[in-house]
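Written below as structure tokens is the structure these notes are about.
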Amino acid sequence: MKKDLSPDQRAEFINTLQVRFEKNRSRHDGFDWTTMQAKLEANKNKLWSLHEMERTGGEPDVVGYDDATGEYIFYDCSAESPKGRRSVCYDQQALDSRKEHKPQTSAAEMAAEMGIELLTEEQYRALQTLGTFDAKTSSWVKTPADIRQLGGALFADHRYGHVFVYHNGAESYYGSRGFRGLLRV
């Protein structure tokens, strides 16, 4: 797969990100778009990954900055779990364990192909402080190794004004469950 955007695609997508940035200032108050745009234009691979987040319905937006690394942090900020990333089990091991009715891929595999990471439970809870996300859907979150070794995986959603984190067999998949990712630029 070609992991680069044409000059026209880059310009159009950077414009999309800028419009979203301006519209949702509360997610990144005090950040400067010009500095961020320069960083995006200097990181074509990262821009491609952000574009993949957008293409699959994630509506990526900057939500933080890591002083230690000098990186901006983007999360999927779509109201519901990204539509182009639903009906997937948790990881390749879970996919391999299914005997029938296998989904096309897994959340972990898809995230790796896109060059992004699954949100952790802590990051998912931080996202929920920026608005209400997954009120009708749910999203796989990065599962601790001890839970995964026992065959489980974690997912989360927002119901009744609260964030809930649940467990399921990692091989399960549902039309309303996808995953949210993050990218550092």
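Before moving on, here are some points about what is shown:
- Of the criteria (1) crowded, with 22+ Cβ neighbours inside 10 Å; (2) more than 19 Å from Glu54 (Cα to Cα), which one Arg148 fails: (1)
- For region 1-30, a tally of residues being outside any helix (DSSP H, G or I), touching a residue at least 12 places away in the same chain (Cβ under 8 Å) and surrounded by fewer than 16 Cβ atoms within 10 Å (Cβ to Cβ) returns 3.
- Every residue from region 79-92 that is outside any loop (DSSP other than H, G, I, E, B) and either touching a Gly at 6+ places or on another chain (Cβ under 9 Å) or small (Gly, Ala, Ser) (or both): Lys83, Gly84, Arg85, Cys89
- Of all residues in region 167-185, exactly one satisfies the criterion of being open to solvent by 20 Å² or more (accessible area, probe 1.4 Å) and farther than 23 Å from Gln104 by Cα, namely Arg184.
- Of the residues making up region 136-145, those that are surrounded by 13 or more Cβ atoms within 10 Å (Cβ to Cβ) and either of a type in the set (Gly, Ala, Ser) or part of a strand (DSSP E or B) (or both) are Ser138, Ser139, Trp140, Val141.
- Residue in region 109-116 that is in contact with a Lys or Arg (Cβ under 7 Å, 6 or more places away or on another chain), under 24 Å from Tyr72 (Cβ atoms) and not in a strand (DSSP E or B) present: yes
- Residue in region 85-93 that is open to solvent by less than 70 Å² (accessible area, probe 1.4 Å), within 22 Å of Arg184 (Cβ to Cβ) and in contact with a strand residue (DSSP E or B) (Cβ under 7 Å, 6 or more places away or on another chain) present: yes
- Failed condition for Ala153, given (1) in contact with a helix residue (DSSP H, G or I) (Cβ under 9 Å, 6 or more places away or on another chain); (2) free of Cβ contacts under 8 Å to residues at least 60 places away in the same chain; (3) in a strand (DSSP E or B): (2)
The values are calculated or read from the model by the stated rules, or taken from the named source; none is laboratory data. For clarity, every value in this text was computed on a predicted model and none was experimentally measured. In this analysis, Cβ positions are derived from the backbone assuming ideal geometry, glycine residues included, and neighbour counts consider all displayed protein chains. Side chains are part of the model used for accessible areas, which takes the heavy atoms of the whole protein and leaves out ligands, DNA and RNA. Shrake-Rupley method; radii C 1.70, N 1.55, O 1.52, S 1.80 Å.
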